[in-house]
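Chemist: Structure below; questions to follow.
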Amino acid sequence: MNGAPDAPEDNQAPQEPPLLSLRGRRIGVTRADQQLGEARRLFEAAGATVIDLPALAVTPPDDWGPLDDALAELDDFHWIVFSSANGVEAVERRLARRGSSLAHRPAGLRIAAVGRKTAAVLESLGAAADFVPPAFVADSLIEHFPISGWGLRLLIPRVQSGGRTVLAEAFAAAGARVVEVSAYETRCPEQWPSSALLALERGELDAITFSSGKTVSHSCQLLERSFGADWRDRLVGVGLVSIGPQTSARCLALLDRLDAEADPHDLAGLVAACERLLNPGGN
């Protein structure tokens, strides 16, 4: 199973969690280092102490050529489909090198976005999405896409490795001509901060949250790298909380358990899931 983000990787709802519902709790957050800020804000607003466990390093793809070639032919596409803010930002940077932008895309090119954060980044660039599915997962985009796929030509910029190919496969099956290109890569960092490792060693974490299948996979690698063969012992008594069904499946596959899943599948949903897990009585 591939480890794509359900939300994907960065789609948070604007609502705030209940005030101080996580007072005194220590929550590990496994996201890209540069994307920890919003998760930290939401968890701290709920009273939690956040332990940064950066499990993704966002980097350029191995080869920009396929993306650049596709962007040179944007006039030939009917839709460009984004499943993460990382993809939006990568495309915008490559268009800027050509003296263009998503805001100045061809008139016939429409934009679909999975998740509110992805849509918000597009809007901030002056390129508001034409379609955002009601649920923050790729499957919802397929189910609710506003037009038949037959004859459409779609461009899907995506993570280089580890993502699901469900979008391309579903649209192709519906008769669309799909071009999937790598826009960025997410790699495993070298190690976690020493303060985070100490907190794990001392058993101080109440829960760890995962925002994609890759954050689960990379966290397992980082735990084994730091603690050796008995790395699973560091998770005894620690709640494992996932952002959505694909991430949950990866938790079950690699960690043999899952304690809670976000609903909705976004950062605010992760906070709420932690609150339900750690305060089952609602206190």
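Chemist: Rule-of-thumb check for the range 55-115: C-alpha Rg over 2.2 N^0.38 Å?
Modeler: Numbers: Rg = 11.9 Å, N = 61, 2.2 N^0.38 = 10.5 Å.
Normalised by 2.2 N^0.38 Å, the Cα Rg of the range 55-115 equals 1.13.
Chemist: Per residue, how much space in cubic angstrom lies within the convex hull of the C-alpha atoms of the range 46-170?
Modeler: Values: hull volume 17.2 nm³, N = 125.
In the range 46-170, the Cα hull volume divided by residue count equals 138 Å³.
Chemist: Also, I was wondering about something else. For the range 176-251, which chymotrypsin sites (Phe, Trp or Tyr not before Pro) are both in a DSSP coil and crowded by at most 16 other Cβ atoms within 10 Å? Could the numbers behind the result be given before it?
Modeler: Values: sites: Y184, F210, F227, W231; in loops: none.
Within the range 176-251, no chymotrypsin sites (Phe, Trp or Tyr not before Pro) qualify (loop, at most 16 other Cβ atoms within 10 Å).
Chemist: Tally Lys/Arg at +1 and Asp/Glu at -1 over every other residue whose Cβ is under 13 Å from the Cβ of R187; what's the total?
Modeler: Numbers: positive: K214; negative: D33, D62, E185, E190.
Residues close to R187 contribute a combined charge of -3.
Chemist: Let me ask another. Consider all pairwise Cα distances in the chain and report the whole-number % of them above 36 Å. Intermediate results must be reported in sequence, preceding the final value.
Modeler: Values: 6770 of 39903 pairs.
Considering the chain, 17 percent of its Cα-Cα pairs are separated by more than 36 Å.
Chemist: Give the residue from G24, S84, H104 lying farthest towards the positive end of the charge dipole for the chain; charges sit on Cβ (+1 for Lys and Arg, -1 for Asp and Glu) and the dipole is referred to the Cα centre.
Modeler: Of G24, S84, H104, it is G24.
Chemist: I'd like to know which of A249, G151, S194 lies farthest towards the positive end of the charge dipole of the range 117-275, counting +1 on Cβ of Lys and Arg and -1 on Cβ of Asp and Glu.
Modeler: It is G151.
Chemist: Let me ask something additional. Nothing charged except the Cβ atoms of Lys and Arg (+1) and of Asp and Glu (-1): what's the magnitude of the dipole of the chain about its Cα centre? Round to the nearest 20 debye. Let's see the in-between values first.
Modeler: Numbers: 27 positive and 37 negative charges, 49 e Å.
Here the chain has a charge dipole of around 240 debye.
Chemist: Name the long-range amide H neighbours of R31: under 5 Å, sequence gap of 5 or more, or other chain; modelled H, no Pro or chain starts.
Modeler: The answer is L53, A55, L56.
Chemist: Given only helices, namely DSSP H runs of n ≥ 4 each adding -39500 (n - 2.57), what is the per-residue ellipticity at 222 nm of the chain, to the nearest 500 deg cm²/dmol? Present the calculation step by step, with values, prior to reporting the outcome.
Modeler: Numbers: 10 runs with 100 residues, N = 283.
Per the formula, -10500 deg cm²/dmol.
Chemist: Quick one: among V132, V166, V81, which has the greatest mean-square fluctuation in a GNM of the chain with alpha-carbon springs under 10 angstrom?
Modeler: The residue that fluctuates most here is V166.
Chemist: What are the semi-axes of the equivalent ellipsoid of the range 146-256, taken as the square roots of 5 times the eigenvalues of the Cα gyration tensor, listed largest first and rounded to whole Å? Intermediate results must be reported in sequence, preceding the final value.
Modeler: Working: eigenvalues 274, 43, 21 Å².
Largest first, the range 146-256 gives 37, 15, 10 Å.
Chemist: What size of dipole, in debye to the nearest 20, comes out for the range 59-187 about its Cα centre when the only charges are +1 on Lys and Arg C-beta atoms and -1 on Asp and Glu C-beta atoms? Write down the numbers at each step before the final one.
Modeler: On the way: 13 positive and 16 negative charges, 51 e Å.
Value, rounded to 20: 240 debye.
Chemist: Can you say what percent of the DSSP beta bridges in the chain, counting only those with both residues inside, are antiparallel? Round to 5.
Modeler: Numbers: 3 of 32 bridges.
Of those bridges, close to 10 percent are antiparallel.
Each reported figure results from applying straightforward, stated rules to the coordinates on display, with no laboratory input. Note that the coordinates shown come from a computational prediction; the quantities given were computed from them, not determined experimentally. Methodologically, a virtual Cβ is constructed for each residue, glycine included, from the backbone with ideal geometry; neighbour enumeration extends over all protein chains shown.
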